[in-house]
Structures are given as structure tokens and as C-alpha cells.
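Every number here is computed from the coordinates shown, using simple stated rules; none is lab data. The model shown is predicted, which means the values in this text are computed figures rather than measured ones. Cβ: placed from backbone, ideal geometry, glycine included. Neighbour counts: every protein chain shown.
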Amino acid sequence: MASKNGTARMSKAKYLDAKFGYGDFFAGRGYRLSYYSITALLARVYQYAGKTTDALACAKEVVEFGKSSGTLFYKDDFSGITNVGTNVEAFEQRTDLKLKSSLIFAAYNKKAYKESEIQRYFRLTTVDDNGSPVSPDYFKIKQVELFNNRGVEEWQTDIRSKNLIFMLQDVLPISGKWFVNSRNPEDSEHLKISPVLRLTEIQYIMAECYAREGNYGEAYRILNDVRGARNLSPLAVQGSWEEFQTDLIGDARREWISEGQLFFLYKRLDAAFNLNGTMHKLSRGEASLPLPVDQK
């Protein structure tokens with residue numbers, strides 16, 4: 001009976017793949033909301049709600065499961081990005097530009113790649129809606145500034161800078177997470193992955209919860225675990241919320257490059273960030289979506 005059921009499931013998967021092209025989707029466990037991905041999501045929600053105890057409990061459950069399982073997407077594995085070199089040939093050899101090993105949950109979009117859009121956004125010079133030439137500086141990563149911590153430059157040692165920053169036409173530093181294989185762009189499987197929840201976010205949640213309780217030793221232990229896995233020296237423990245928040249944001253900015261998380265971090269913490277050389281906090285208007293015209 002089990003064999004028949006297995007055959008039926010396999011036939012259904014083949015049918016769906018043939019009809020809709022869903023084969024890749026059904027092969028990925030990380031695209032489904034499992035118990036632990038839901039628990040991780042709850043940790044995020046509780047953190048937003050200011051329920052530190054509940055957020056910490058959920059985050060702990062996820063991290064402890066990850067440690068005990070030793071499998072799935074609950075670890076840091078950079079073997080897929082550590083080819084030597086930052087040129088096109090080196091990036092074409094990399095197999096894990098979205099760092100799947102630390103993903104707890106991700107969205108999947110088989111049609112994420114659009115050649116016309118990718119070429120438009122990632123050319124050094126493109127044109128605006130009026131046909132005027134412009135340079136896509138909004139994708140440019142301020143590498144030295146981003147990987148500077150307490151006055152120490154870390155961009156040459158941090159795995160995320162050394163292996164995930166691509167020099168577009170050897171000039172413009174952009175996130176390697178959106179690198180397109182120049183020979184077979186449709187086969188750039190990582191482009192179809194949109195990270196939603198990472199193990200590192202859950203670690204950040206735990207660290208922040210401990211810091212809010214005044215336990216800065218444990219908060220920095222967790223933050224330094226993240227840094228150590230990325231080839232960085234541990235930070236000295238600071239004894240104030242302001243100093244810890246600065247260090248937390250400093251690492252999160254590197255971890256979430258091009259993933260859309262930083263906006264929500266700055267909004268939730270009401271934290272200032274460098275905007276054209278001036279420290280700026282999001283205003284209410286900047287932090288909120290405008291009301292639809294028919295609801296004003």
C-alpha cells in the first residue's frame with residue numbers, strides 16, 4: 001500500500017511539473033511554513049509587539065532545534081560562495097549566493113528573472129523614463145563604510161564582503177545575491193529565492209531580548225557567534241542599550257544586504273542611519289505606506 005501511495009504522489013508531482021512547471025517548488029522544503037518556520041515568525045511578531053519574554057522563548061526553541069538537528073537550513077555554510085576571486089568567472093562557479101544554509105523560510109518565484117529588467121537595473125549606464133542616461137547608484141554598496149566597525153575596516157576579512165560583493169564591470173560594487181549567470185541566466189536558480197526568515201534574524205532576536213533584560217554578556221555572546229562564523233573577531237561587551245543597538249544594526253546591515261529587512265529594523269528601533277552624510281530617522285510619512293485615494 002505504501003508503495004502505491006508513493007507512486008501516486010510521485011505521479012502527481014510529475015503531472016504538476018509537466019502542467020505547471022512546479023517541480024522545483026515541490027523539491028524545496030524551505031518554501032513551506034513548517035512548525036519551526038512558524039515559530040520563528042512568531043518570534044518576529046512578538047518582538048515587534050514588545051513581548052520580549054515570548055519572543056525569546058520562540059527564538060530559543062528554533063535555535064535549539066537547529067543545533068540538535070544538525071541538518072536542514074539551520075546552520076552557516078559558506079562553502080558555496082568561497083571561490084577565490086570577485087570577477088564574473090568566480091561568481092559563475094558559486095552555487096549558494098542566497099546562503100540557503102541559514103534560511104528557515106523563503107518565498108519562491110520561478111519567474112523572478114526578467115532579462116529586460118535585470119539588464120536595465122544592473123548596467124553601469126541606463127536610461128530613465130525620459131530617455132536620459134543615468135547610473136544605477138541605488139544598487140551601489142558603500143563597501144568600506146558598511147564593513148567598518150568601531151573604526152576598524154573589516155571588509156577584507158568579512159565573508160559577506162569578500163565573497164558576496166560583485167564588482168559590476170569591475171567598477172560598481174553590488175550585492176552578489178543578485179548576480180546573474182551571464183552564460184545561462186535562466187538557470188540562475190538562486191534568483192528565484194526570496195529570503196524571508198534567516199537563522200541569523202532569530203539569533204539577533206535572542207541577543208536583543210537579552211540586551212533589553214540587561215544581560216549584555218549573553219547578548220554579545222550570541223552576536224559574536226554570528227560574527228565569528230563570518231571570520232570576524234569578537235566585539236568587546238558594551239554595557240548600554242545604545243551601544244549594543246549600534247553593534248546589532250552594524251551586523252544586520254551586512255547580513256541583510258538586498259533582502260529588504262533593514263527598513264523594518266530602522267522603523268522598529270526608531271534608529272538613525274546615514275543618509276547622504278547626515279544621520280536621519282524615518283519620519284512617520286517615510287515609515288508608513290500612504291492611504292489609498294478612495295480611503296482618505
**Study point:** Prolate/oblate/rounded call for region 205-296, Cα gyration tensor, a/c under 1.5 rounded
**Key:** prolate
Study note, to complete from the structure: Rounded to the nearest 0.05, FRET efficiency between residue 110 and residue 294 (Cβ-Cβ, R0 41 Å) equals 0.75
**Study point:** Pair residue 259, residue 157: separation of 7 Å Cα→Cβ label points (nm)
**Key:** 2.3 nm
**Study point:** Debye, to nearest 20: dipole size of region 192-296, +1 on Lys, Arg Cβ, -1 on Asp, Glu Cβ
**Key:** 320 debye
Review point. Contour minus end-to-end for residue 283 and residue 32, with contour as 0.36 nm per residue of separation and end-to-end as the Cα-Cα distance?
Key: 86.8 nm
Exercise for review: Report the label-to-label distance for residue 242 and residue 51 in nanometres (one decimal), using points 7 Å from each Cα along the Cα→Cβ vector.
Suggested key: 3.2 nm
Practice item. Multiply the residue separation of residue 213 and residue 169 by 0.36 nm, subtract the distance between their alpha-carbon atoms, and state the gained length in nm to one decimal. Key: 11.1 nm
Exercise for review: Could you point to the residue in 236, 215, 191 farthest towards the positive end of region 163-290's charge dipole, with +1 and -1 charges on the Cβ of Lys/Arg and Asp/Glu respectively?
Suggested key: 191
Practice item. Go through 111/177; 142/192; 98/140 and tell me which ones have a Cα-Cα distance over 21 Å in this structure. Key: 142/192
**Study point:** Length released on extending from residue 140 to residue 231, taking residue separation times 0.36 nm less the Cα-Cα span
**Key:** 30.4 nm
**Study point:** Loop GluC sites (Glu not before Pro), region 154-241, which have at most 15 other Cβ atoms in a 10 Å radius of their Cβ (DSSP)
**Key:** 213
Check your understanding: Quick one: if you stick a label point 7 Å off each Cα along the C-beta vector at residue 87 and residue 67, how many nm between them?
Key -> 4.4 nm
